[in-house]
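K.L.:
Please read through the structure below; I'll follow up with questions.
Coordinate-derived values only; no laboratory data. None of these values were measured; they are calculated from a predicted model. We place every Cβ from the backbone using ideal geometry, glycine too, and count neighbours over all the protein chains shown.
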Amino acid sequence: MNKVPQAVRPHIVILGRCNVGKSTLINALCEQSVALVSAQPGTTTDPVAKSMELLPYGPVVLVDTAGLDDDTPLGKERVKLSERALRKADLALLVVETHALHPLEQDILARLRKRRIHSLVVINCHGEPSGEAGEHSESHAIEVNALTGQGVRELRERIAAVLQSTYEELPLVRDLLTGKGPVVLVTPIDKAAPKGRLILPQVQVLRDILDGGGVAVVCRETELAAALSKLNSPPELVVTDSQVFPEVARLLPKDASLTSFSILMARNKGDLPALVQGAEAIAELRPLDRVLIVEGCTHHSQEDDIGRVKIPRLLEGRAGGELRFTWAKGPNFTADIHDYRLIVHCGACMLNRREMLARLEQAAQVGVPVVNYGVLLAHFSGILERSLAPVLPSLSDTVFPPAAITYNR
Ligand code: SF4
């Protein structure tokens, strides 16, 4: 069960002041020693994320954070990391010691409400829970004794109930399919492909088709013509790796429905219309403009790497001269982004939707357009419109509520 990728698990972020028992609570919820517990304030430094099976709900990620009232110089840096962890939160547990909330705790609750993050107040009692938590004036609250485990089972049940009513797993592709024909997945196996396996977006799209009762055919671009010739009915949809988009488009009839793994991922994780709008900024790039290239995880660059080599080459060709690139990997997105002309983001398969939307929102607030790898490659191949056609009509329905991101620029 712990193999379920973190990006598709709801994230529960545990917050509170120093020494209110956050780490003890995460250990009690996990029934194992995940976080270091000490009476010394500031024991938790970087947020600690633990994938677990939280019954009766299922797979989740619990994130332990440093105390939000640590005002030492190092503590202030930790507070920033804790706030960054909140960007991923589908649910926040605010751990407090008493029924009367400290002003900082009231402020945290107000900020959670403003950011539309669901929250539960967890009163970590030192003794026997009083049973009065349900009357808590600030929010839904529950009493536990994290040290003895009293109330922890009830807390798990409350968490499960909140997630069941608020967390929605969005489909990647199955909502687009009617079963008219198979879905053909084109997955190049080149030097960049990991040994012995498919990459996460390919696996997730395949699984989503199977979950929807669909039929999938998987091949490399070199076998696509042969695969198509063996089908009894035309494919309902072809999904390809963005890097072989032009070859695949050439092999298909003009009216065949074609999109990419990146575009499906962008629809699922973020705000696809905002990313398409970001592609319009490519035409405005001029030599020496600054471009930020962001990858959601850390991985070794390959020869002719898409983010390091291919995309910079395409952008410089369009700008007509050298551009100034910066690369960021993993969580390093909170740096000063306002003086970039364009941000190019990867497919974000390792990020959850909340994190990706927070990144788009942050960029929109400073007026910097964002495009992702898939949209950018389709744009350069001249087939953006074609690759969006199968997915854009469904963007306006309620399954994918628009994130209402607008650019200030
Ligand atoms: S760089 Fe982005 S798209 Fe590639 S594996 Fe990492 S998170 Fe996924």
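K.L.:
List the residues whose amide H sits under 5 Å from the amide H of Asn372, counting only those 5 or more places along or on another chain, with H placed 1.01 Å from N in the peptide plane.
P.N.:
Result for Asn372 returns His345.
K.L.:
With a 10 Å radius around each residue's Cβ, average the other Cβ atoms per peptide and rank 227-236, 191-200, highest first.
P.N.:
Descending mean neighbour count gives 227-236, 191-200.
K.L.:
Per DSSP H run of at least 4 residues, take -39500 (n - 2.57); add these up for the chain, divide by its residues and hand me the 222 nm value, nearest 500 deg cm²/dmol.
P.N.:
The per-residue figure over the chain is -9000 deg cm²/dmol.
K.L.:
Percent of Cα-Cα pairs more than 21 Å apart in the stretch 266-396, please.
P.N.:
Taking all Cα-Cα pairs of the stretch 266-396, the fraction more than 21 Å apart is 36 percent.
K.L.:
Relative to the present Cα-Cα distance, how much length would full extension add between Glu280 and His102 at 0.36 nm per residue of separation?
P.N.:
Result for the pair: 59.3 nm of gain on full extension.
K.L.:
State the answer as a single residue: which of Asn19, Tyr167, Gly296 lies farthest towards the positive end of the charge dipole of the chain, with beta carbon charges of +1 for Lys and Arg and -1 for Asp and Glu, about the Cα centre.
P.N.:
Positive-most Cα among the choices belongs to Gly296.
K.L.:
Quick query: amide H of Lys329 versus all other amide H atoms, modeled in the peptide plane; which residues come in under 5 Å with a sequence gap of 5 or more or a different chain?
P.N.:
Here the answer is Glu295, since their amide H atoms fall under 5 Å of that of Lys329.
K.L.:
Suppose we keep just the DSSP beta bridges with both residues in the chain; what percent of those would be antiparallel, to 5?
P.N.:
If I count the DSSP bridges inside the chain, around 15 percent turn out antiparallel.
K.L.:
Continuing with the same structure: Would you mind telling me the antiparallel percentage of the DSSP bridges in the stretch 105-228, rounded to 5?
P.N.:
10 percent
K.L.:
Under a cut-off of 16 Å between alpha-carbon atoms, report the lysines in cross-link reach of Lys310, not counting same-chain residues fewer than 8 places apart.
P.N.:
Excluding near neighbours in sequence, the set is Lys191.
K.L.:
Continuing with this model, one more query. Using 0.36 nm per residue of separation minus the Cα-Cα distance, give me the extension gain between Ile189 and Arg113 in nm, one decimal.
P.N.:
Stretched out fully, the Ile189 to Arg113 stretch lengthens by 22.8 nm.
K.L.:
Picking from Phe245, Pro47, Asn352, whose Cα lies most toward the positive end of the charge dipole for the chain (charges on Cβ: Lys, Arg +1; Asp, Glu -1)?
P.N.:
Phe245
K.L.:
Show me the helices of the chain, taken as full DSSP H stretches, that run 15 Å or more along their long axis by Cα and average -0.5 or above in Kyte-Doolittle hydropathy.
P.N.:
152-166, 200-211
K.L.:
Return, for the Cα atoms of the chain, the radius of gyration and Dmax in Å, separated by a comma.
P.N.:
Looking at the chain, its Cα Rg and Dmax stand at 23.3, 72 Å.
K.L.:
So for the chain, taking the charge dipole from beta-carbon charges (+1 Lys/Arg, -1 Asp/Glu), which of Phe333, Leu86, Ala110 sits furthest toward the positive end?
P.N.:
The residue sitting farthest along the positive end of the dipole is Phe333.
K.L.:
Sorted by average packing, counted as other Cβ atoms within 10 angstrom per residue and highest first, what order do 84-96, 107-119, 49-61 take?
P.N.:
The most tightly packed comes first, giving 84-96, 49-61, 107-119.
K.L.:
Sort 343-353, 363-373 by the packing proxy (mean of other Cβ within 10 Å over each peptide's residues), most packed first.
P.N.:
Final packing ranking: 343-353, 363-373.
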